[in-house]
1. Return the sequence-ordered ³J(HN,Hα) values of region 88-101 in whole Hz as given by the Karplus equation 6.51 cos²θ - 1.76 cosθ + 1.60 applied to θ = phi - 60°, using x for Gly and Pro.
2. With a point put 7 Å past each Cα toward its Cβ, work out how far Ala24 is from Ala87 in nm, to one decimal.
3. Over all pairs of distinct alpha carbons, what does the Kirkwood formula give as the hydrodynamic radius of the chain, in Å?
Amino acid sequence: MILANAQREIPDLLLAVEQRGSCAARLVQTVPVHARLGEDQSLDVVVHVYELQGCRMTNRAYAWFTDDVYTALDIGPIRSPAAAVQAIVADRDRRSKLARQGLREPAFA
């Protein structure tokens, strides 16, 4: 099990969310999330849920940290803290598999 450092400052997450959404954000709650990483590892994080003000795309965002700060907007299939973590984990896994094959994502114009 990987346990994220619970001592990271909330302002770091707030800034990341505000930059991601290009709008003001306000912390509304924190939620513990347990996610599977393959068959033998798991990830336990505390997801900070933010209300976004003035964002055209959504009114909610999620942020947490492990080795880095991660943010996800409440858009499409990402409608909960757990879905946000699962989406980032799946994206990291996909990118890792591509890198091992010597491939990378296509660039879009």
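1. Going residue by residue, I get 5, 4, 5, 5, 4, 4, 4, 5, 5, 5, 4, 4, 5, 8 Hz, with x marking Gly and Pro.
2. 2.5
3. Working: mean 1/r = 0.0679 Å⁻¹.
After inverting the pairwise mean of 1/r, the radius is 14.7 Å.
We did not get these values from a lab; they are worked out from the coordinates using the rules stated. These numbers were taken from a predicted model, which means no experiment stands behind them. Using ideal geometry, Cβ is built from the backbone for each residue, glycine included, and neighbour counts are taken over all protein chains shown.
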